Each structure stands twice: as C-alpha cells, then as structure tokens.
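Visitor: Take a look at this one; I'll ask things after.
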Amino acid sequence: MEDIQESKLDIRERGAGQQVSDRRLFMQLQVFTGCADHQPLVTALERGGVEAVLYLDINDPKGVGVLALSEDPATFVTRLRACLASAPFERLLHRPALSMLDRTYASGHELDLEDWLLRRPRRVVAAPAWPWAVWYPLRRTGGFARLAPKEQAGILREHGLIGRAYGEAGFAQDIRLACNGLDANDNDFMIGLIGPDLYPLSHLVQSMRKTIQTSEYLEKLGPFFIGRSVWQSLTPPA
C-alpha cells in the first residue's frame, strides 16, 4: 500500500495547456414502460430535486426515459433511487436492458476543460430547441487498443470530422461518455446524439457506418434508445 501511495498515481482529467481537473459528470439513463401520463413523473422528479431530463420513448407508446446527471455518483443510489422506487415510478415496469451509466472524460485537447466535463453536457441535453435524442452504448474491438497512438488518432479524427460537420450545420451535437467498469454489458462508451429533428440524427449514424472505426473496430453497437424530451431540470455546476 505504501508503494502505491508513494507513486502518486494521477487520475485527473487533462485538457490543453496543462489544464487538469478532478471533476467529472456522471450520467445515467433509466427506461420504463407502462406510463399513460408523464406529468406525474415530472412532479415526482421536481419534488425529489433530481437533476434530469425526461424523455418520451418513440418506440413504446407508454415508454419513458430518465436521464439523471450528477458529479456525485452517490446521488444515483440516494436521491434518484428514492424517487424511482416510489410513486408514480414504482408502478411502472423497469427496462434494465436499456440502462446506461457513464461519465464525462477528456482526451487531452479540450481548450476549456471544465466546460467540456461539466457545463457543455448540460447545455446540450437541456436545450429546449433540441428535444430529440438518440442514446446508445458501443464497445470497440481489442484490435483498436493495439494500434499505434498515431494510427488511433487518424481513425478518431475521421470520426470526429463527420460529427463536427453535423454540429456546425445545426443538425446534431454529440455527447461522448466513458463507461469502463460501469456498464453491465462491458461497453466502452455511451453516445448521445441530440438535435432539433430526428432524421439528421439517424443520418449521422448512417454516415458513421462508413468510417474505419465503425466498420473495422466496433465489436458491438446498441441497443438504441430514441426519445423526445418533455422536461428538463438541470443545475449549473458551481
């Protein structure tokens, strides 16, 4: 134990210009069915003081999704747990196959590190003009991890340029989250595509299919949750 402490292992997030941060945002999606009226759910979330977005599930006429956010993961087993385990949520059927728990992370190139980790995800999911969302997990093959860093960077750049083009056109914003050791199905990442209309989000996924990363280095993609937000209550970070 002393050797581990003396090594001073640094697990902070790092951005451009030697920025460092020990803060990150955890996000969890919980999906339910059996909801004929979503308004009582809104009341319960407001009463519980939960920082969240409520979605209506496009593929289930009685389906809803709750995307909760917190810097403290204990929130998910205290405040959020209490809310989802009581009325009216307790009367719904939970769909654990669509549950996702993830965290924001930095790649080392972020110009404003804390905005990337804490503020931007909240801005994107809470934008009233961008109600549509597609959330899905993915897992890369082990072959990607064995590539040289320069080759990895080129593959990710191809992917990133496509996403940036959709963002600059006003079609979509993406939220990339890590779920290493947090996902029941051992996925690596959770992706959120957020936009004003649903079709561009589908088109973006289609465009990504042609990239080297998706066509050669993805082992698994999905399941997909597609929803339209009807309520948001997000707290700006301190």
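Visitor: What whole-number value in cubic angstrom gives the convex hull volume per residue for the C-alpha atoms of region 170-218? Show your work: numbers first, answer last.
Guide: Values: hull volume 4.4 nm³, N = 49.
Value for region 170-218: 90 Å³ per residue.
Visitor: On C-alpha positions alone, give me the angle between the axis of helix 149-168 and the longest principal axis of the chain, in degrees, nearest 10.
Guide: It works out to around 40 degrees.
Visitor: Between Rg and the Kirkwood Rh of region 50-158, both from Cα atoms, what is the Rg to Rh ratio?
Guide: Values: Rg = 17.4 Å, Rh = 17.0 Å.
Rg/Rh for region 50-158 comes to 1.02.
Visitor: May I ask for the Rg/Rh ratio of region 148-200, computed from Cα atoms with Rh as the Kirkwood radius, given to two decimals? Could the numbers behind the result be given before it?
Guide: Values: Rg = 13.5 Å, Rh = 12.8 Å.
Reported Rg/Rh (Cα atoms, Kirkwood Rh): 1.06.
Visitor: Given the options Leu92, Leu69, Leu111, state which has the largest fluctuation in a GNM of the chain using a 10 Å cut-off (strictly under) for Cα springs.
Guide: Leu111
Visitor: Something else: For Ser86, tell me the accessible area in Å² from a 1.4 Å probe, rounded to the nearest 10.
Guide: Result for Ser86: roughly 50 Å² accessible.
Visitor: Any idea of His159's accessible area? Nearest 10 Å², probe 1.4 Å.
Guide: Accessible area of His159: about 40 Å².
Visitor: Taking Cα atoms, how many degrees apart are the long axis of helix 39-48 and the longest axis of the chain, rounded to 10 and kept between 0 and 90?
Guide: So the helix axis and the longest Cα principal axis differ by about 60 degrees.
Visitor: Hey, can you find the accessible area per residue of region 18-113 for me, probe 1.4 Å, expressed in square angstrom? Mind showing how you got there, number by number?
Guide: Values: 4680 Å² over 96 residues.
Counting only protein heavy atoms, the per-residue value for region 18-113 is 49 Å².
Visitor: Hey, another quick one. Give, in nm to one decimal, the length gained when the segment between His203 and Arg228 is fully stretched (0.36 nm per residue of separation minus the Cα-Cα distance). Before the final figure, lay out the partial values.
Guide: Numbers: separation 25, 0.36 × 25 = 9.00 nm, distance 1.71 nm.
Gain on extension, His203 to Arg228, equals 7.3 nm.
Visitor: Go through region 115-127 residue by residue and turn each phi into a ³J(HN,Hα) via Karplus (6.51, -1.76, 1.60, θ = phi - 60°); whole Hz please, and just put x for glycine and proline.
Guide: Using θ = phi - 60°, the values come out as 5, 4, 7, 10, 8, 4, x, 5, 4, 5, 6, 9, 5 Hz.
Visitor: Just tell me the longest site-free run in the chain, where the sites are trypsin sites (Lys or Arg not before Pro) in a DSSP loop having at most 15 other beta-carbon atoms within 10 Å. Write out the running numbers ahead of the final one.
Guide: Numbers: sites that count: Lys8, Arg12, Arg23, Lys62, Arg146, Arg209, Lys210.
Between exposed loop sites, the widest span is 63-145.
Visitor: Right, something else. When the Karplus curve 6.51 cos²θ - 1.76 cosθ + 1.60 is applied with θ = phi - 60°, which whole-Hz ³J(HN,Hα) does each residue of region 186-199 get, with x for Gly and Pro?
Guide: 6, 6, 9, 9, 10, 10, x, 10, 10, x, x, 9, 7, 4
Visitor: Take the solvent-accessible surface of the protein heavy atoms, probe 1.4 Å, and return the percent of it on the chain that carbon and sulfur atoms account for.
Guide: Numbers: 6730 of 12650 Å².
The nonpolar share, carbon plus sulfur, comes to 53 percent.
Visitor: Turning to a different aspect of this structure: May I ask for the equivalent-ellipsoid semi-axes of region 12-72, computed as the square root of five times each C-alpha gyration tensor eigenvalue and listed largest first in whole Å? Show your work: numbers first, answer last.
Guide: Working: eigenvalues 214, 37, 10 Å².
Whole-Å semi-axes of the equivalent ellipsoid: 33, 14, 7.
Visitor: Given that compact globular proteins tend to follow 2.2 N^0.38 Å, what is the ratio of the alpha-carbon Rg of region 113-188 to that value?
Guide: Values: Rg = 14.6 Å, N = 76, 2.2 N^0.38 = 11.4 Å.
Region 113-188 yields a ratio of 1.28.
Visitor: What is the Cα coordinate range of the chain on the first, second and third principal axes, sorted by size from largest, in whole angstrom?
Guide: 52, 48, 30
Visitor: What number comes out for accessible area per residue over region 140-238 if the probe is 1.4 Å? Units Å², please. If you can, show how the numbers build up before the last one.
Guide: Values: 5350 Å² over 99 residues.
With all protein chains present, region 140-238 gives 54 Å² per residue.
Visitor: State, to one decimal in nm, how far the label point of Arg146 lies from the label point of Lys220, with both points 7 Å from Cα in the Cβ direction.
Guide: About 2.0 nm, to one decimal.
Visitor: Could you tell me the relative contact order of the chain? Use alpha-carbon pairs under 8 Å, at least six residues apart, and round to a whole percent.
Guide: On the way: 427 pairs, mean separation 64.1, N = 238.
After rounding, I find 27 percent.
The values are calculated or read from the model by the stated rules, or taken from the named source; none is laboratory data. Keep in mind the model is a prediction, meaning the values are calculated, not measured. Please note: Cβ atoms are built from the backbone with ideal geometry, for glycine as well, and neighbour counts cover all protein chains shown. Note: accessible area is taken over every heavy atom of the protein model, side chains too, but ligands, DNA and RNA are not part of it. Shrake-Rupley method; radii C 1.70, N 1.55, O 1.52, S 1.80 Å.
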